[in-house]
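Let me begin by presenting the structure, written as structure tokens, before commenting on it.
The values are calculated or read from the model by the stated rules, or taken from the named source; none is laboratory data. From a predicted model like this one, the values you see are computed outputs, not experimental measurements. Positions of Cβ are generated from backbone atoms using ideal geometry, with glycine treated the same way; all protein chains shown enter the neighbour counts. SASA here: full protein model, heavy atoms, side chains in, ligands and nucleic acids out. Shrake-Rupley method; radii C 1.70, N 1.55, O 1.52, S 1.80 Å.
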Amino acid sequence: ARHKCRVRIDRARRDSEQHLTLAVDRMTKHCEARQPVAELAALAGLSAEQLSHLTDDQIAALGTAHVAALTGEQLTGLTVGSVTALSSTQIGVLDSNQLTAFSTAQLAAISSADIKSVGTAALHALGADQVAAMTSDQFSAMTTAQAVALTADQLAGLTTAKLNALSSADFAVLNSTQ
């Protein structure tokens, strides 16, 4: 009986330590994710012209809350170099309104590794000319869910090389209207 109690006590300590570690991890992530309101307000006050003067390192250092707070209008000020400086995580927080504001050159500047982070709704909202400006490498890197999100109008404007860049799995899930 004494041994069983010791085992239960040891198990309870181990479980408590695990719960405490998880709680601390959650709290740390929560605190790191919080962005001072003043920083977001200052960023919201920048024009596209002013945003164009930020260095690639400054763009890369923006938190996801900062990137998500930028308007499509502001994002038009990003240089092609600044777009390439965006991380997959930053690209992943761009919504439809933000991504549709990108120029064809800006869209083509998203790396093939980062294109997987683009949400399907944002990809679906792009104009046919924007999708046509994307590179074959970007199409090759797309997930099947992203390929399915493309509209018939978007697919109609693609070159044979870009269509060939889609995987056979991508083609297998396309429907007859695409």
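Worth a mention:
- Of all residues making up segment 88-104, the number that are surrounded by 15 or more Cβ atoms within 10 Å (Cβ to Cβ) and not in a helix (DSSP H, G or I): 5
- For segment 38-52, filtering for residues that are part of a helix (DSSP H, G or I), among the small types (Gly, Ala, Ser) and open to solvent by 30 Å² or more (accessible area, probe 1.4 Å) leaves 4.
- Filtered residues of segment 139-157 (kept if more than 17 Å from the chain's Cα centre (by Cα), open to solvent by 20 Å² or more (accessible area, probe 1.4 Å) and over 16 Å from residue 112 (Cβ atoms)): 148, 151, 152, 153, 156, 157
- Filter pass, residue 28 being open to solvent by 50 Å² or more (accessible area, probe 1.4 Å) and modelled with pLDDT under 90: yes
- Identity of the residue in segment 53-77, open to solvent by 40 Å² or more (accessible area, probe 1.4 Å) and assigned to a helix (DSSP H, G or I), that ends up nearest to residue 133 (Cα to Cα): 73
- Search result, residues across segment 88-125 that are of a type in the set (A, V, I, L, M) and either more than 14 Å from the chain's Cα centre (by Cα) or farther than 15 Å from residue 147 by Cβ (or both): 91, 93, 94, 99, 101, 105, 107, 108, 109, 110, 113, 125
- Checking residue 80 against (1) under 13 Å from the mean Cα position of the chain (by Cα); (2) open to solvent by 30 Å² or more (accessible area, probe 1.4 Å), the condition it does not meet: (1)
- Residue in segment 81-104 that is touching a helix residue (DSSP H, G or I) at 6+ places or on another chain (Cβ under 8 Å), within 20 Å of residue 160 (Cβ to Cβ), of a type outside the set (Phe, Trp, Tyr) and at pLDDT 95 or above present: yes
- Subset of segment 105-138 [farther than 24 Å from residue 160 by Cβ and open to solvent by less than 10 Å² (accessible area, probe 1.4 Å)]: 106, 122
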